[in-house]
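Everything below concerns the one structure shown next.
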Amino acid sequence: MITPAFELTQDPDFLTVKIRVPYARASEFDIYFEGEDFKFYAKPYFLRQLTLPGRIVEDGREKASYNTDEGTFTIQLPKEVPGQYFEGLDMLTSLLAPKKSRSAKPLVEEIAASAELSEENEEEFDWEMEQIPYEESTPSLQHPYGFGNLRSGVFQRLQDELSDVIDIKDPDQTPAEERRRKRLAAEAAKFEPDHYLADFFEDEAIKHLLKYKPWWIDAHKKMTALQGESHQEHDSPAFVIFSEEEREQMRKFTNKSYLLDKRSRQHAYLGLIDILLAYCYEICVNEGDKNVESSWNIRKLSATLCWLESFSSIHDVLVSFGRRVLCYPLYRHFGLVTRAFSDTVMILQLGKAAVLKCLLDIHKIFMESDPAYILNDLFITDYCIWIQKVKSKKLAALCESLQKTPLSKSHMGLELEELEAAAVLVQEEEKALKAAGTVSKQQLLCSESETSDSEESSSTSSSETESSDSDEQESSTSEDGEINSFQGTLQEERTAPLIDCNGLRQGTDTSAVEVGDGKSKVSLQSTAPPGKLVEELEMQIHSAMRLSEQSEGLATAGCISQEREESPVPKPDRFSEDAAGKGNFLEVSPKPNPLLFLCSTNEDED
């Protein structure tokens with residue numbers, strides 16, 4: 001016989017059972033329901049027994065229909081108490097009746113389990129584990145682990161897969177206290193301050209990841225809005241929808257009960273928080289996508305899975321998860337720890353349907369990863385079955401205690417705040433050094449600019465000096481040209497025949513007189529006949545030579561240039577007449593070595 005796929009829904013008056021039976025004969029089917037029991041048969045499908053969370057009644061309002069296209073039966077069953085809410089209709093594994101056994105042992109277990117459940121329902125749950133002094137155990141005794149610490153001796157048969165699944169060696173011979181000590185030592189050795197500070201300061205990728213919104217955020221908003229309107233406090237299956245694949249997973253689980261004492265139940269609840277925290281981190285950093293690292297992230301961040309840890313308080317769970325996030329994965333930021341914490345609170349507030357959906361996803365991830373499937377046998381499968389039978393008020397109390405538990409960086413024991421403060425100081429010092437280097441560079445540039453400006457100024461002044469020297473040289477050259485031109489004129493006068501004032505030609509005999517200052521020489525030729533004019537000319541020449549020697553003395557003393565600036569050089573005139581009307585030798589230029597001669601005729605000779 002084949003167990004068919006089925007799902008249950010409800011409204012205030014009816015419970016609806018939808019059963020998918022393709023290839024079945026619609027004309028041959030049987031339905032039985034009474035009180036909390038429901039059975040269905042349509043060859044080759046057989047739904048042997050469903051144990052419903054509420055009572056139904058046969059009063060003539062029941063209905064059944066068959067959709068040939070979809071191959072589904074839809075059966076509506078009246079509720080015995082109209083308006084009653086049936087809790088846990090999506091917990092399909094818990095609805096399936098456990099298989100009967102002919103031995104007496106399962107029956108005894110069921111009775112003991114019922115007693116444990118009744119005790120759990122009556123007493124208030126204390127989430128702080130009772131502390132028991134550590135005692136040395138017998139080396140030959142195997143220490144338990146797994147869900148509710150119900151397993152032992154598993155890894156003795158799986159030594160090859162041990163190192164790829166968990167971090168502890170020989171867990172069967174390692175007590176819980178020693179596991180904890182080894183775990184804390186391994187985390188302290190693995191912590192890398194540089195990696196942590198790099199993610200702390202360069203957090204662009206972290207901020208992007210924190211913006212991701214998984215499915216439970218929208219579901220939690222809808223539930224909160226609905227509770228605000230109707231003021232109801234119950235599970236919200238309408239906001240947590242299971243896929244057909246997830247339903248098939250639940251149908252494949254074997255329904256069973258677990259004999260857990262108070263201490264084992266504590267371990268089971270606290271281990272559930274630890275596993276959910278690791279799962280929330282994985283969903284956040286991969287933004288809901290699965291990859292080859294998904295299995296590693298979940299089992300590495302959960303000390304329950306990786307070190308077979310048994311926690312004694314919620315605070316220990318949070319500290320362990322926070323330390324492992326800061327030591328092992330790619331993104332090591334405390335913001336991811338707080339984000340996983342808030343996501344876990346939301347999942348617990350949504351109820352066991354949301355918790356089961358997360359556990360089913362973890363089960364699928366581990367099933368597809370070799371050899372992580374061992375963790376399904378040790379933990380996840382049992383959690384998927386057990387959570388379906390947990391009372392919602394227990395999850396609500398667990399969620400409330402989780403919300404009240406403080407978590408900060410100082411609790412991690414890794415000196416995070418001191419590292420951050422030291423890194424901030426180093427950054428400030430680097431900024432100060434950079435600022436000082438910038439100022440020094442600017443000062444260097446300014447000094448170089450001033451040096452270049454002074455060099456340009458000196459070069460400009462030297463060029464001006466050279467220009468003035470060249471101007472003086474050109475002026476001297478022009479003056480020498482004028483003197484040479486005047487000498488040429490005198491030469492022409494020498495070679496030309498002299499004519500006296502009466503227009504008569506003079507004699508051709510001449511006498512040459514040389515007058516010079518060492519730089520230039522002037523040859524002066526006069527007429528041959530001696531007379532008053534020659535005597536007068538000699539006197540004028542001697543006077544001019546004395547004036548020239550005085551001018552050279554002044555030039556040597558450095559006063560020539562000042563006199564040239566204060567009194568401009570007058571242009572020489574050829575003739576000048578004094579009051580007596582006599583022709584005299586005119587002014588001599590104050591420049592070095594000028595000789596100006598002027599010939600005039602005497603009015604008496606006329």
Lone qualifier among LEU375, LEU359 - being among the hydrophobic types (A, V, I, L, M, F, W, C), surrounded by 22 or more Cβ atoms within 10 Å (Cβ to Cβ) and modelled with pLDDT under 95:
LEU375
Among the residues of region 288-306, are any at pLDDT 95 or above and assigned to a loop (DSSP other than H, G, I, E, B)?
yes
Residue in region 37-48 that is in contact (Cβ under 8 Å) with a residue 40 or more places away in the chain and assigned to a loop (DSSP other than H, G, I, E, B) present
yes
Taking region 383-393 as the region of interest, how many residues are open to solvent by 10 Å² or more (accessible area, probe 1.4 Å) and either hydrophobic (A, V, I, L, M, F, W, C) or touching a residue at least 60 places away in the same chain (Cβ under 8 Å) (or both)?
4
Please verify whether region 404-413 includes one or more residues that are in the same structural domain as PHE201 (by the TED database) and over 30 Å from ALA198 (Cα atoms).
yes
Filtering region 274-299 down to residues that are open to solvent by 20 Å² or more (accessible area, probe 1.4 Å) and farther than 22 Å from LYS207 by Cβ yields LYS290, VAL292, TRP296, ARG299
Just one listed residue, out of LEU348, LEU330, is outside any helix (DSSP H, G or I) and either among the aliphatic types (A, V, I, L, M) or not assigned by the TED database to the domain that holds ILE241 (or both), and it is LEU330
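Answer yes or no as to whether GLU309 is within 22 Å of LEU398 (Cα to Cα), touching a residue at least 12 places away in the same chain (Cβ under 8 Å) and of a type in the set (Asp, Glu). Steps first, answer last, please.
Numbers: within 22 Å of LEU398 (Cα to Cα): yes; touching a residue at least 12 places away in the same chain (Cβ under 8 Å): yes; of a type in the set (Asp, Glu): yes.
Considered against the rule, which asks whether it is within 22 Å of LEU398 (Cα to Cα), touching a residue at least 12 places away in the same chain (Cβ under 8 Å) and of a type in the set (Asp, Glu), GLU309 comes out as yes.
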Looking at region 260-283, is at least one residue over 30 Å from ASP11 (Cβ atoms), outside any helix (DSSP H, G or I) and touching a Phe, Trp or Tyr at 6+ places or on another chain (Cβ under 9 Å)?
yes
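The values are calculated or read from the model by the stated rules, or taken from the named source; none is laboratory data. None of these values were measured; they are calculated from a predicted model. Glycine also receives a Cβ, built like all others from the backbone with ideal geometry; neighbour counts cover every protein chain displayed. Quick note on the areas: whole protein, heavy atoms, side chains included, nothing else; ligands and nucleic acids left out. Shrake-Rupley method; radii C 1.70, N 1.55, O 1.52, S 1.80 Å.
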